[in-house]
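One structure is given here, and the rest of the page talks about it.
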There are 2 protein chains.
Amino acid sequence: MNASEFRRRGKEMVDYIANYIESIEGRQVYPSVEPGYLRPLIPSCAPQEPDTYEDIMDDVEKIIMPGVTHWHSPRFFAYFPTASSYPAMLADMLCGAIGCIGFSWAASPACTELETVMLDWLGKMLRLPPAFLAEEAGAGGGVIQGSASEATLVALLAARSRATRQLQAAQPGLPEAAVLEKLVAYASDQAHCSVERAALIGGVKFRAIPSDGKFAMRASALTGALERDRAAGLVPFFVVATLGTTSCCSFDSISEVGPICDRENLWLHIDAAYAGSAFICPEFRHLLDGVEFADSFNFNPHKWLLVNFDCSAMWVKRRADLTGAFKLDPVYLQHSHQDSGLITDYRHWQLPLGRRFRSLKMWFVFRMYGVTGLQAYIRKHVRLAQEFQSLVNQDPRFEVCAEVTLGLVCFRLKGSNTLNEHLLDRINSAREIHLVPCRLRDKFVLRFAICSRTVESAHVQRAWEHIQGLAAALLEAGQA
Amino acid sequence: MNASEFRRRGKEMVDYIANYIESIEGRQVYPSVEPGYLRPLIPSCAPQEPDTYEDIMDDVEKIIMPGVTHWHSPRFFAYFPTASSYPAMLADMLCGAIGCIGFSWAASPACTELETVMLDWLGKMLRLPPAFLAEEAGAGGGVIQGSASEATLVALLAARSRATRQLQAAQPGLPEAAVLEKLVAYASDQAHCSVERAALIGGVKFRAIPSDGKFAMRASALTGALERDRAAGLVPFFVVATLGTTSCCSFDSISEVGPICDRENLWLHIDAAYAGSAFICPEFRHLLDGVEFADSFNFNPHKWLLVNFDCSAMWVKRRADLTGAFKLDPVYLQHSHQDSGLITDYRHWQLPLGRRFRSLKMWFVFRMYGVTGLQAYIRKHVRLAQEFQSLVNQDPRFEVCAEVTLGLVCFRLKGSNTLNEHLLDRINSAREIHLVPCRLRDKFVLRFAICSRTVESAHVQRAWEHIQGLAAALLEAGQA
């Protein structure tokens, strides 16, 4: 395919995309296919000679689309939102064309420098403490990771490295394995599974701290666990506080947990993967109070801030904590500026070596929406969640199961877990809307997350009527 | 921005991209900017109200492009190639529009299933042993990782988990820390730094095995290290063999190393990040002989197979080795099909949770080029490297420093390292072409990698004349 054919096909693709998004509501939100559906539909080997572009695009409609879960449909209320906006798509096209791999400053200076400045822009939107910004020529700064899971792992590894250095300084000759054996990481029992997984990868112990009645990690529960572990000769070193848990969007009390971490020399990492985007609105910023105690902070603009996946923003107070944990410097990656202190080689901040020019997406989105546009988008989603909550509250057969702070409503039929499992089953089998469940303590709960950029009040109302109808049929069948 | 504005701006972007690529040779391949150039050129905060699209695109030319290292310029001979093709860009646009997050089968069945089949297609192109394919309904299969570094880390973690289970089965009650203390990973002293880094992350010891005169890891050197470690009470568990090292594209002898790993129950991971693409050509396939001994194999179609970054292909013989190392299953990610044995939840195969629909890029590229088109592309690059090699060989002032097997030529002026450092400095300061160095044993060496999709013989000839000219001036200045 040459440039002139790309001009033609690229423009057709732009129209295909615009058509797809404009008409997405008409597609079945959750596919009807069964596992293994795709393999029989395509050849078992790559073609020797080129296929035609028309054939490929025909197959997109015939083979791919029937198996797609349409995350951007206004009928999609599952998981959490994943971002989709036109400015991000345009920037991503440009990113693909530039196609530089930004592992070091020299590998593409613009790629590194725009990222540093965009993380400062975003940090200021959230009113992060200046210690997290790079512009103050201080020790902190931001980086784009691929996902919150990676950010958590990177933070844990940096914390592990810091704790190891400190323990070995206090006890010279202490072998690393003896250190690892003692280290303990903590998070709420509501934290994302990636925290426990990071501990597993890092070879350290993990404790799930029982959350309180509002599914929040509180000082007393954490302190108790720390005391027990210290008494057993272990060394607490890392705490993850979650702002906006995956199950029910609860908030750990970082203003309680933060001072403990500070006092006890524990690395505090804040995972606000979903909720973080809301902190650009002054009315939600108080949820971030206490961030000044954190060593690292992360949230995903690729969830709720209109920057298409992947774009997970992470800040640290001390860049040296990251680079100290990872830095290895072969000659083929060295360049003349690297020891100047002025530049950033992001390869030392992350797990992979390669990286795309992802900050272009942030730059396009922030500029094309403006802060006010982004705030309006967040507020619309929160308003729609409140609307859904009040619909649930008006129906005495149902209950809301956790405080609705942002765009997620956890709800269920009053009654058994089995009843609610059946309700969810009917909802997802009907394929009018798509939801996923969670478990809150011993309760099976349905999650209604406001997800799509184009979801409106009418969609929420129709979704609720649909749920009510299925619930009525289910309850009736149960009585029969 | 609404759909109709996206239609307009998207088509403009398609033209911008086509223009960029068609005229890339006219741009200075390596930028003249100094560290910190970008920050003063843009505001210190995101705008409150939207900027215009025209302003943003003006800034792309004014602010971004002057700081870009143009990896797709036919004057770029640095690092290794990173893929760029129009079919991959079209597929990536579609991937961005669908915007699904494919962490489980249910999250978007097409995303998971196309990936599994594309990895089979690619595995067959390489003539991988059937044990690595998913279609045989066997235990193996492929996955797209973000980078070779991640693939190496995932393999090491899976190997660590397997070794731990085996040791604990033999010695019930053995604590995990005691296991970690004993485990040792091995790779050649020419292996990529990500191997040592993976060991650092995984908390295990790492040994660099001295390579032979052709920069290859051989049986004798590995066996010696294994024996020494076993004698010291340590437990070898993981070997990375590299096919196509980053420094000089040397090849470890997997037909020697493989049987040792097999006999001694060591996980063998093969990292063919760059070279792997060449194995689709029958004349290079012998370089992969011995892969049947590997537990995992990885290469980067995003380097040399025209599938834009990121797309790192990894295969394992036993899927359960990966899922056993990582699997954690919260309710909000469970779905009704997951225990059927028929489906793949790729989140258990990788470090991040989220993932893009990257297999679309493979599908478009494989179909639009056909296997013959891809082979022709590889062969052209190898031919150009041979051409450069023969130019170097014709000039008695220069020497070729390692065998040229694929698209990389390592060369230097006969003389001191300082002389060659000065030559590289002059080359990169002139900014006509861009190269990076490596160190082979005690020698500072220049790497000339065939990179761009559009590079032709004339570019190679001009690059060589340019290097000769700078070398002549340098040698003359030295004599003056």
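Derivation of every value follows stated rules applied to the coordinates shown; laboratory data play no part. Just so it is clear, the model here is predicted, and its values are computed rather than measured. Here Cβ is always computed from backbone atoms with ideal geometry, including for glycine, and neighbour counts include all displayed protein chains.
Considering only the label points, 7 Å along Cα→Cβ from Cα, what distances in nm to one decimal separate B:Pro40 from the same position in each other copy, shortest first?
Copy-to-copy label distances for B:Pro40: 6.7 nm.
So for chain A, averaging the separation of alpha carbon pairs under 8 Å that are six or more residues apart and normalising by length, what relative contact order in percent results?
21 percent
Within 10 Å of each Cβ of B:413-426, how many other protein chain Cβ atoms are there on average?
0
What area, in nm² and to one decimal, does the C-alpha convex hull of the protein assembly as shown cast on average over all directions?
It is 37.6 nm².
Could you pull the copy-to-copy label distances for B:Glu476, with points set 7 Å along Cα to Cβ, in nm to one decimal and sorted shortest first?
The projected label point of B:Glu476 is separated from its counterparts by 9.6 nm.
Sorting check: for B:299-308, A:467-476, A:308-317, which peptide has the highest mean count of neighbouring beta carbons within 10 Å, and how do the rest follow? Don't skip to the end; give the middle numbers.
Values: B:299-308: 28.4, A:467-476: 16.1, A:308-317: 26.3.
Packing proxy ranking, top to bottom: B:299-308, A:308-317, A:467-476.
Run through the DSSP bridge list for chain A and note the antiparallel percent, rounded to the nearest 5.
55 percent
At A:Arg431, label 7 Å along Cα→Cβ: distances to the other copies, nm, ascending?
5.7
Could you sort out which of B:Lys214/B:Lys414; A:Lys124/A:Lys361; A:Lys124/B:Lys11; A:Lys11/B:Lys124 sit more than 24 Å apart by Cα distance in this structure?
A:Lys124/B:Lys11; A:Lys11/B:Lys124
Going by how many other Cβ atoms sit within 10 Å of their own, how do A:Glu115, B:Glu196, B:Glu403 line up, fewest first?
Final ranking by Cβ density, sparse to dense: B:Glu403, B:Glu196, A:Glu115.
Under the definition of partner shielding as Cβ atoms of other protein chains within 10 Å of a residue Cβ, what is the mean value for peptide A:153-163?
That average works out to 1.
Take the Cβ-Cβ distance between A:His466 and A:Gln48 as r, set R0 to 45 Å, and report the resulting FRET efficiency rounded to the nearest 0.05.
Step by step, r from the Cβ atoms, then E = 0.35.
For chain A, what is the mean residue ellipticity at 222 nm derived from helices alone (per DSSP H run of n ≥ 4: -39500 (n - 2.57); sum divided by total residues; nearest 500 deg cm²/dmol)?
The per-residue figure over chain A is -14000 deg cm²/dmol.
Using each residue's phi in segment A:71-84, evaluate 6.51 cos²θ - 1.76 cosθ + 1.60 at θ = phi - 60° and report the 3J(HN,Hα) Karplus result to the nearest Hz, with x for Gly and Pro.
Karplus-based 3J(HN,Hα) across segment A:71-84 equals 4, 9, 6, x, 9, 9, 10, 9, 6, 10, x, 10, 5, 8 Hz.
How would you order B:74-86, A:386-398 from highest to lowest mean count of nearby Cβ atoms within 10 Å?
Final packing ranking: B:74-86, A:386-398.
How crowded by other chains is A:173-180, given as the mean number of beta carbons from other chains within 10 Å of each beta carbon?
On the way: counts 0, 0, 2, 7, 12, 3, 2, 5.
Counting other chains' Cβ atoms within 10 Å and averaging over A:173-180 gives 4.
How many nm separate the modelled label positions at A:Ala178 and A:Arg285, each set 7 Å beyond the Cα in the direction of the Cβ?
4.9 nm
If we sort B:406-414, B:253-261 on the protection proxy, mean other Cβ atoms within 10 Å, highest first, what's the order?
Peptide ranking by packing, descending: B:406-414, B:253-261.
Quick one: work out the % antiparallel among DSSP beta bridges in the protein assembly as shown, nearest 5.
55 percent
Say R0 is 60 Å: what FRET efficiency, to the nearest 0.05, do A:Arg383 and B:Leu475 get from their beta-carbon distance?
According to the calculation, E is roughly 0.25.
How far apart, in nm, are two points set 7 Å out from the Cα along the Cα-to-Cβ line at A:Thr223 and at A:Arg441?
If labels sit at A:Thr223 and A:Arg441, their model points lie 2.4 nm apart.
For the residue pair A:Asn2 and B:Gln168, what label-to-label distance in nm results when each label sits 7 Å from Cα along the Cα-to-beta-carbon direction?
Roughly 6.2 nm, to one decimal.
Net charge around B:Arg462, counting only other residues with Cβ within less than 13 Å of its Cβ (Lys, Arg = +1; Asp, Glu = -1)? Spell out each step's value before the answer.
Values: positive: B:Arg75; negative: B:Glu25, B:Glu387, B:Glu432, B:Glu456, B:Glu465.
Net of charged neighbours comes to -4.
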